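Data first, discussion second: the structure below is written as structure tokens.
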Amino acid sequence: CVDSDAPIIDWRGANSQNVVPLKWPFEIEKYALIYPKNIVIIAGSKQEGKTTFLYNFIKLNMYTYLIDLFNSETGAEQMKDRFTDLGIPLDAPFEARERYDNFADIIHPEHISVIDYLDLNSEFYLAGAEIDAIFRKLTTGIAVIGMQIPPPTVSIIKGVRKVIDRDYAYGGGTTAKRAFIYISLSSHRLKLKHAKKPAQKNVSPENMQWSYQFDENGQFANIQRFYGDDLL
């Protein structure tokens, strides 16, 4: 059986200014824009704020967009505690569902789908294919996908212990193939690893970094943007 399905893309009639004005933690919208049918990867080391970032994203956008949260990490009680600490009310206008895999089968193609998180156990080589399937399902919607980063590499160089953080989630570079924006969180540092559409002319968002701490409620605090080792 020959698959001859190849719909015409009306690129001539498309509006290239049709960005989606989402709001992000760390005010990333000031530096990177996003279009419909885009994938955003939020890759975080353990206990570095991946879920906090995703929940803050929901809070910032839930009164503007239809958002579905697909959860595989916490129970209802812990989720309620975290939402309460963040100030998300009981009547918050988004759906939270339990889901562990095959997200492309159930996401709504026109909604904002937040996946916390994409866990492939030891089958990391499947990460790219799973993300690609989600991308293919989208029409005007956007998927914001949480993933976990491997532990840092520790090396001894001339007797000095050096810790090298990873930027990519389990699955490596294949997890970035479909990503319009790729964000990594490790060692209290957020890195805008990839961003394909700058929000400002002559200001590249690639590899922008922010340092951060956590307050008593586990929320981001003391956020500062920096280049290399120099805080701004």
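The values are calculated or read from the model by the stated rules, or taken from the named source; none is laboratory data. Owing to the predicted nature of the structure, the values given are computational and were not obtained by experimental measurement. When we count neighbours, we look across all protein chains shown, and the Cβ atoms used for this are built from the backbone with ideal geometry, even at glycine. These accessible areas exclude ligands, DNA and RNA; they are computed on the full protein's heavy atoms, side chains included. Shrake-Rupley method; radii C 1.70, N 1.55, O 1.52, S 1.80 Å.
Once the chain from ILE223 to LEU60 is taken as fully extended at 0.36 nm per residue, the excess over their C-alpha distance is 57.0 nm. In the context of the full set of protein chains, residues of the chain present 56 Å² of accessible surface per residue (probe radius 1.4 Å, heavy atoms only). Relative contact order of the chain: 23 percent, from C-alpha pairs under 8 Å at least 6 residues apart in sequence.
3J(HN,Hα) along the stretch 161-177: 6, 10, 9, 10, 6, 8, 9, 9, 6, 3, x, x, x, 5, 6, 9, 4 Hz, from the Karplus curve 6.51 cos²θ - 1.76 cosθ + 1.60 with θ = phi - 60°, whole Hz, x for Gly and Pro. The alpha carbon centroids of the stretch 127-147 and the stretch 164-215 are separated by 17 Å. Rounded to the nearest 20, the size of the Cβ-charge dipole of the stretch 157-232 about its Cα centre is 460 debye, with Lys and Arg at +1 and Asp and Glu at -1. Charged side chains reduced to their Cβ positions (Lys and Arg at +1, Asp and Glu at -1) give the chain a dipole of some 980 debye around its Cα centre. Taken over the Cα atoms of the stretch 6-68, the convex hull encloses 139 Å³ per residue. Specify which residue in the list TYR35, ILE131, GLN224 is farthest towards the positive end of the charge dipole of the chain, using unit charges on the beta carbon of Lys, Arg (+1) and Asp, Glu (-1), about the Cα centre. Positive-end residue among those listed: GLN224. Springs join every pair of Cα atoms under 10 Å in this Gaussian network model of the chain, and among ASP101, ASP91, ASP68 the largest mean-square fluctuation is at ASP91. With all protein chains in place and a 1.4 Å probe, the accessible surface of the chain carries 50 percent carbon and sulfur. The DSSP beta bridges internal to the chain are antiparallel in roughly 50% of cases. Label separation (GLN213 vs SER187): 1.9 nm, computed from points 7 Å beyond Cα along the C-beta direction. With contacts taken as Cα pairs under 8 Å and at least 6 residues apart, the stretch 1-123 reaches a relative contact order of 24 percent. Protection proxy ranking, highest mean first, for peptides 52-58, 11-17, 207-213: 52-58, 207-213, 11-17, where packing is the per-residue count of other beta-carbon atoms within 10 Å, averaged. All Cα-Cα distances of the stretch 163-232, cut into 10 Å bins from zero to the largest, leave 18, 45, 32, 5 percent in each bin in turn. With contacts taken as Cα pairs under 8 Å at a separation of at least 6 residues, the stretch 76-198 carries a relative contact order of 19 percent.
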